[in-house]
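Q: Sharing a structure, written as structure tokens. Questions coming.
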Amino acid sequence: ITLANEGTKTLQAEQKPVALLCIGCSLIASSVLLLQKSIWKACYKTSKVPATKTIVLFFEFLVSVGAAILTIVAMPHLDIVTNVTILNGVAVLSSLLQMITQCTAKERNRFLLPSITAFLLILLGYVLFLVLYIMKNPSDIKMAVWVGLAVGGSFLVSFNWWENYFRLISENSSSVFLKDLCKDFRKCQNLLHILSSLLRIVVTACVLGAYVPLAKMDWSVVTSIPSRETRIIAITVGVQLISSALCHWFAVAACKMHALRRCFIVPLYLASLAVMALLVIPVIVYYQDYRISLNGTSSINFTSYCDVVEYNNISVFYCKMFSVNTFIHLPPGSAVSWWLGLVLATLHLWFLSLYRIQRTQNLFIRRLYEGGFLEQSLLLNTRFDIQIAERPVFLCATMWHETYEEMMKMIVSIFRLDQYKPKKEAGTTDVSFESHIYFDDAFRYVAGSQGRHVNEYAEMLVGIIRENLFTKQQQVPDQTLVRTPYGGRVVVTLPHGNSLVVHFKDRQLIRHKKRWSQVGLICCDQVLQKIEKNNTYILALDGDTDFQPVAVMLLIDRLKLYPLVGAACGRIHPTGSGPMVWYQKFEYAVGHWLHKTAEHVFGCVLCSPGCFSLFRGAALMDDNVMKKYTIKASRAQHYIQYDQGEDRWLCTLLLKQGWRVEYNAASDAYTNAPEEFKEFYNQRRRWAPSTMANVMDLLGCSNMIVKRNTSMSRLYMLYQLFSLASSILSPSTVVLMIAGSLTVLLDIHPNGALIIAVIPPAIFLGISFKIKSDTQILIAGIMSTIYAFLMMISALVIVGNMVKQQTILTPSSIFIIALACFYLVTALLHPQEVGLVVFGLLYIICIPSAYLLLAIYCMVNMNNVSWGTRETLPVGGAPAPAARLQHTTIPGMYMFEEIQLSLLVVLTNLHIYMLSHTEPVADFCFSLQEEEKFFRQLTKQYLEPLEENKKKQEEMTDNLRELRNKMVFIYFLCNALWLTATFSLQLSSSTLSIKVPKLDSNLQATGEHIYIDPVGFMFILSFALLVVIQFFGMLYHRIYTLIHYVAFLDTESKYDTPQQKTEEVSTTTTSLLPLPLLEENTSFHFYFTVFWHA
């Protein structure tokens, strides 16, 4: 706008169209970005055609015409101060609509007076503006036209934020038209934004194209502008476009980080003042210096000064533009009025209450920003009311036959939550929690006694609670073991007032094993009628999971803000010692760094692990989720998909119903990992077939999922298809890698090396059908050791060849260098975990074991559907007696007469914490008789113990074996075809190959060539593309993880901490706390630590 002014001498008069073209580009830049974003979103899903599009497009037409006339036509004829401040006048209609909104809704009338004052001040600014310009020279008709266009254009621009207030007016109005208009706009945003963006681009182009000829300017000068002016224009426009986009992104980030006042409102208020100061102060300073230099020899006014500073170090056009203004030393009254009007019109922003990482669509009415009115558009685009409702949060938990150390981890985590959120009076805290541990298969027969007794695991848990977690000075009150229809129940009051309820399940009274322990009582109609299902959250854990309260709160944030998020998982850290754990540390890190982040960013996470995940009650209560999840396995494939990976099967059902599954990298949890080779292989024997079955199930329902799930597109399903294909072909890929290693080591022909590489795994595959699984694991362990040495020697030989041949442009060297650099950069972006790179060396040499031998073991033993670890012996003895409610007093335990059935036994072998809303839930309390009736009905419907039918078991064993044979044939047929294709291409390498010039260490051509088969080249290229996609997904996810964590620190640290700790957990508990709670005196250290942690 400055360059287009008549007073500037930076551009000649005939070159003004170039400056006007740049103004037009600045105006439509945000529309182009919005068009691209809306098209991208529309490609994900079908967009409905709005019924009221004419009204919306009419408003968009007015805004685009007003913006073009104001900036292209009128503002180049005004001075700098007016141009900077008149933009604040676009709040005129917003302040008027605020008045109307608050009059229709009395609860918002505390901002009525500021809105009225803002409206009057903006009108006063327009009056002063008209008086200043028109009265200066009443005969100047052109100036009167420019001034009128400026006022009219700014008023039309103010229509831009109509929806911010029409939405609220319609809620308090009986007008059906307004309600339909706002509803239509919300449902059809993508298509409306596409149409409105195109309309704005066309209108701006038309105004610009019509004004240049009318102003007697010629477009031909655009192609003949000198290079110096071209650079000036390019830099000016580039700075404006880039800084505007960055300002918008940082403004959104500031709001999400809970820095609304200091990092959003204040900087935007001061923006126009800073620009005026930057432009006005130098002019005044130079003018005063020039007057002093005259030593009183002559008097000079400001206009005369501008005529004599042609060669001074200040641009002359500044003087020319300021000379129009009669108030040089003080800002004009119109500028002050407009600025104060904008401040008062956005005064409500100071009192907004936001969630952490508030959703962008809940923060702002419109997407993106206005190129010509950046700070005004950001302030006025913020929603007039952001309602925050207190939500009841229910967190629940369970346990299996864990060891002493594993139980200790779980109990310590519960005590941390108790300390972090002490029990308070209703209404004084946002959440309170109640811990429920559901102990599966907790009873046994004892010879010479009547009935069944709790087993040694249950006794161990009670011992941990009684002896290790309370101080010696504290007297633990007597408690009562209450017999229930599912077994028994014990309740403990934690040091800070919260309750811990342990439910002992009897496998003869209720169905056992993990999937059936996850089926809850949340389908109780009497309860669900009074509990808001969408705001019921269930934390699922394994019995050995160790976590911090912060991790739970971060997951709660995700579900609070995004109503379609059905589950959210955290970063799982395997714990233990030994080479197998070291391998898994790096494997888990890569899986979370790359795979889970890519799934989160580009679609949905396919598996929210049961060891640490938060589920939404409404998602689990969904009929099509619960009904299918409670289906008994009646076919062979059901045993693999349903029972071998319950967490993945549950997420598959959620995704099919349209729920989103997310990943939060800052929510850390620690769980024990297999330390023995056999245990590791048996664990993955369950996971691998289940993973493949569920992914194939999702891909088979791609069309249905894309229609139902707003987060999953066809491109994302294609990404998953490629990932599945890569996983299936991993054995043959490893064989090819081994063949390459043999080629380097033995200096033999690639085909000969390929034959040698195929023989050992083929023999292992053949004999695995005849030998026991333990023998298979023993052989796999021996072969894994041999392959590890082979990989290590091959890597050293490749490095030696690179030095010897003085070239890095070979397939092997490129692969090693690229892989090392990729993992190193990825690790550096996770500073807290960068040390895991050391375990990457072990991960690489174990690739043949993990992707070849393990794949063979998993496929051959697919028919084995046993758990593999912690198997329970068959129950012997007499049949179970009828369950009766009995009270058995245990020293150190107290009696519990009533039970809250809000989410009792929900997801029972998932560890569950129940966080209840601060309002009393006495309505959900049942008597023991009602409880017994309730559990009996539930057990009869879902959880009756499965009867053993040997004939059916034999049939199912045969079916599983037949399914295994089919899948093994198809799986290894695909790998055989891939190896055959590679073998054939290597035979005809002279005719069918890609010739690549060989480069030396200085990247200079050596005259020699390297021949690469096209199939291998395409595979490597596809793998590289997959890695690049995951890398960019990780970068995006890291940024928003940091924003979330900073927002958490800024809000959660302000929560009240208990003034007096009534009891302290014992030294054993304290020693297991890896991080301290938030305290003010450690805030700096904590912020610094958490910054790197995030």
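The values are calculated or read from the model by the stated rules, or taken from the named source; none is laboratory data. In this text the structure is predicted, and so the values were computed from the model without any measurement. Backbone-built Cβ (ideal geometry, glycine too); neighbour counts: all protein chains shown. Just so you know, the surface numbers come from the protein's heavy atoms only, side chains and all, with ligands and any DNA or RNA stripped out. Shrake-Rupley method; radii C 1.70, N 1.55, O 1.52, S 1.80 Å.
Q: Share of the range 132-181's accessible area from carbon and sulfur, percent, 1.4 Å?
A: 68 percent
Q: Using θ = phi - 60° and the Karplus relation 6.51 cos²θ - 1.76 cosθ + 1.60, list the HN-Hα couplings for the range 674-690 in order, rounded to whole Hz, with x at every Gly or Pro.
A: Karplus values, whole Hz, x for Gly and Pro: x, 9, 10, 4, 5, 5, 5, 5, 5, 5, 6, 4, 7, 6, 4, x, 5.
Q: Using modelled backbone amide H atoms (1.01 Å from N, in-plane), which distant-in-sequence or interchain residues come within less than 5 Å of Tyr663's amide H?
A: Cys569
Q: How many percent of all Cα-Cα pairs in the range 16-175 sit more than 24 Å apart?
A: 48 percent
Q: Of the cross-linked pairs Lys627/Lys656; Lys627/Lys950; Lys628/Lys966; Lys183/Lys560, which ones have a Cα-Cα span greater than 18 Å in the structure shown?
A: Lys627/Lys950; Lys628/Lys966; Lys183/Lys560
Q: Using the basic label-point model (7 angstrom from Cα toward the beta carbon), what is the Phe769 to Ile1020 distance in nanometres?
A: 3.6 nm
Q: Can you pull the Rg over Rh of the range 709-797, Cα-only, Kirkwood?
A: 1.13
Q: Please report the relative contact order for the range 70-127, taking Cα pairs under 8 Å with a sequence separation of at least 6, and give it as a percent rounded to a whole number.
A: 34 percent
Q: If amide H atoms are built 1.01 Å from N in the plane of the peptide, which residues on other chains or at least 5 residues away come under 5 Å of the amide H of Val492?
A: Hits under the 5 Å cutoff: Leu500, Val501, Val502.
Q: In debye to the nearest 20, how big a dipole does the range 150-213 give about its Cα centre with +1 on each Lys and Arg Cβ and -1 on each Asp and Glu Cβ?
A: 120 debye
Q: While we're on this one: Please compute, for the alpha-carbon atoms of the range 669-744, the extent along each of the three principal axes and give them in descending order in Å.
A: So the extents along the principal axes, rounded to whole Å, are 48, 37, 21.
Q: Sort out for me the Cα centre separation of the range 740-791 from the range 689-712, rounded to whole Å.
A: Cα centres, the range 740-791 to the range 689-712: 35 Å.
Q: Check Tyr537: other-chain or 5+ apart residues with amide H under 5 Å from its amide H, H built from backbone geometry?
A: Under 5 Å from the amide H of Tyr537: Phe394, Gly617.
Q: Can you tell me which of 684-691, 231-238 comes out highest on packing, and rank the rest after it, using the mean Cβ neighbours within 10 Å?
A: 684-691, 231-238
Q: Here's something else I'd like to know. Relative contact order of the range 661-803, please, whole-number percent, based on alpha carbon pairs below 8 angstrom and at least 6 residues apart.
A: Over the range 661-803, the number comes to 21 percent.
Q: Could I ask something else about it? Report relative contact order for the range 559-670 in percent, whole number only (criteria: Cα-Cα under 8 Å, sequence separation at least 6).
A: Contact order relative to length: 49 percent.
Q: Moving on. Taking the dipole about the Cα centre of the range 590-643, with the C-beta of Lys and Arg at +1 and of Asp and Glu at -1, give me whichever of Phe612, His595, Met626 is farthest to the positive side.
A: Met626
Q: What ³J(HN,Hα) values, in whole Hz, does the Karplus curve 6.51 cos²θ - 1.76 cosθ + 1.60 give for the range 553-566 when θ = phi - 60°, with x put for Gly and Pro?
A: Once θ is set to phi - 60°, the couplings for the range 553-566 become 5, 5, 5, 4, 4, 4, 6, 5, 8, 10, x, 8, 7, x Hz.
Q: Another one. Which order do the peptides 484-495, 369-380 take when ranked by the mean count of other beta-carbon atoms within 10 Å per residue, highest first?
A: Packing proxy ranking, top to bottom: 369-380, 484-495.
Q: Could I ask something else about it? Which order do peptides 638-647, 752-761, 448-457 fall in by mean Cβ count within 10 Å, highest first?
A: 638-647, 752-761, 448-457
Q: Pop the C-beta distance of Ala981 and Ser174 into the FRET formula with R0 = 60 Å and round what comes out to the nearest 0.05.
A: Taking R0 as 60 Å, the efficiency between Ala981 and Ser174 is 0.25.
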